[in-house]
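The values are calculated or read from the model by the stated rules, or taken from the named source; none is laboratory data. Since the model is a prediction, treat every value here as computed from it, not as a measurement. Methodologically, a virtual Cβ is constructed for each residue, glycine included, from the backbone with ideal geometry; neighbour enumeration extends over all protein chains shown. Surface areas here come from the heavy atoms of the whole protein model, side chains and all, with no ligands, DNA or RNA. Shrake-Rupley method; radii C 1.70, N 1.55, O 1.52, S 1.80 Å.
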Amino acid sequence: RVNADSATDLQKGLSFGAVGIGLCRTEHMLLEPRKLNLFQKYILTENEKYLAEMMKLLKSNFEDILLQLDGKNCLIRLLDPPLHEFLPNTITGIEKLAAELGLEEQVVIQKIKDLKEHNPMLGFRGSRLGVVNPEIYNLLIDVIFQATAQTNQKGIQPVVQIQAPFIFDLNEFIALKKQYQKLLYKYKENLASKCQF
């Protein structure tokens, strides 16, 4: 299988004989400027309207990918960002984002400092992000199911696997599995694809 975070990546992989996606990294999908800007605004304000708008763009990306995977596996890893890495790291970027949100530049700088971690591999990332901010994974899993259902309506049935990143404790997994099962139940009548968590 191929690592693919876009329909273009997947097309290349399939042309070389890949039989599915071994890892689709949702955090890489956010590096497109419009999605990145919306995610930055959500991080700074925790206003879910920015998150919802970003998820709509992701849904379209997932559909483009899943439409190419009839009968093939697609493992999608839930968002695993060290949050400070998604915020601007230049004065120009900080000034621009602060102006867009009507915030003082110092507020943005302080948020970046607050989120920066000594060791982001062990800090506030991976599944802990989804447990502490459940709206992020709820919306993300929801759009994955929406994209899968719409793909199924076109007669395409990929095998969709959702991976929870960086599980350190059984309780983290249980909390996320409950989110997944609740959303799966919501969409189960509209899903022809096999889905796994």
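Values computed for the structure shown
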| item | result |
| --- | --- |
| Cβ-defined net charge surrounding T8, 13 Å radius [Lys, Arg +1; Asp, Glu -1] | -3 |
| Neighbourhood net charge (10 Å Cβ-Cβ; Lys/Arg +1, Asp/Glu -1) for I65 | -4 |
| Probe 1.4 Å, protein heavy atoms only - accessible area per residue of segment 68-197 in square angstrom | 53 |
| Accessible-area ranking of T148, T92, largest first, probe 1.4 Å | T92, T148 |
| Projected-area average for the chain over all orientations - Cα convex hull basis, square nanometres | 11.4 |
| Cβ crowding within 10 Å averaged over residues, with 191-197, 85-91 ranked highest first | 191-197, 85-91 |
| Helix-only CD estimate at 222 nm, as mean residue ellipticity for the chain, using -39500 (n - 2.57) per DSSP H run (n ≥ 4) | -17500 deg cm²/dmol |
| 11 Å beta-carbon shell around R25, net charge (K/R +1, D/E -1) | -3 |
| Highest-fluctuation residue, S127, S15, S60 considered, GNM on the chain with Cα pairs under 10 Å | S15 |
| About the Cα centre, charge dipole magnitude for segment 1-85 (Lys/Arg +1, Asp/Glu -1 at Cβ), debye | 120 |
| Residue with peak Gaussian network fluctuation, the chain [Cα springs, cutoff 10 Å], from D114, D70, D142 | D114 |
| Ordering of 161-168, 23-30 by burial proxy (mean other Cβ atoms within 10 Å per residue, highest first) | 23-30, 161-168 |
